[in-house]
Amino acid sequence: MTKYTKGADLERKIKKELEEAGYYVIRSAGSKGRFDLAAFHPTEKRPLLIQVKVGDVSARETEGLRKFATAHPYTEVVLWDKNYGKRIVGT
């Protein structure tokens, strides 16, 4: 199984979990963009922007997500990785 396949599988798993929790989730498959998932909940004011990782996450990448969150306070930025699960990196 390739790293891409593992990542896509994890994205689909997270998407399903969020949908079961009442979120509407958009998956940006293969986009190579900053975020893999965008999740919206009818009772939450801010959407979740989620970066999914199956490998190691560099400090540089985490810092980039934090900077994005600081510049866009209307979002909640989440790093969701295989080893640690959901981590809020900025709101």
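The values are calculated or read from the model by the stated rules, or taken from the named source; none is laboratory data. This is a predicted model, so every value here is computed, not measured. Methodologically, a virtual Cβ is constructed for each residue, glycine included, from the backbone with ideal geometry; neighbour enumeration extends over all protein chains shown.
Filtering the stretch 23-68 to residues that are surrounded by fewer than 12 Cβ atoms within 10 Å (Cβ to Cβ) and either assigned to a helix (DSSP H, G or I) or in contact with a Pro (Cβ under 7 Å, 6 or more places away or on another chain) (or both) leaves ALA59, ARG60, GLU63.
Does any residue of the stretch 59-67 turn out to be over 14 Å from the mean Cα position of the chain (by Cα), within 13 Å of VAL89 (Cβ to Cβ) and small (Gly, Ala, Ser)? Yes, because at least one residue in the stretch 59-67 is over 14 Å from the mean Cα position of the chain (by Cα), within 13 Å of VAL89 (Cβ to Cβ) and small (Gly, Ala, Ser).
Can you tell which of GLU44, GLU63, GLU20, GLU76 is among the acidic types (Asp, Glu), touching a strand residue (DSSP E or B) at 6+ places or on another chain (Cβ under 7 Å) and over 25 Å from MET1 (Cα atoms)?
On the way: GLU44 fails: touching a strand residue (DSSP E or B) at 6+ places or on another chain (Cβ under 7 Å); GLU63 fails: touching a strand residue (DSSP E or B) at 6+ places or on another chain (Cβ under 7 Å); GLU20 fails: touching a strand residue (DSSP E or B) at 6+ places or on another chain (Cβ under 7 Å).
Step by step, each of GLU44, GLU63, GLU20, GLU76 is checked, and only GLU76 is among the acidic types (Asp, Glu), touching a strand residue (DSSP E or B) at 6+ places or on another chain (Cβ under 7 Å) and over 25 Å from MET1 (Cα atoms).
Only one entry in ARG87, ARG46, ARG60 is of a type outside the set (A, V, I, L, M, F, W, C) and touching a residue at least 12 places away in the same chain (Cβ under 8 Å), namely ARG46.
For the stretch 73-91, what are the residues that are out of contact with any helix residue (DSSP H, G or I) (no Cβ under 7 Å at 6 or more places or on another chain), closer than 20 Å to ARG27 by Cα and surrounded by fewer than 19 Cβ atoms within 10 Å (Cβ to Cβ)? The answer is TYR74, ASP81, GLY85, LYS86, ARG87, ILE88. When we screen LEU37, LEU79, LEU48 for residues that are modelled with pLDDT under 90 and under 12 Å from the mean Cα position of the chain (by Cα), the only hit is LEU79.
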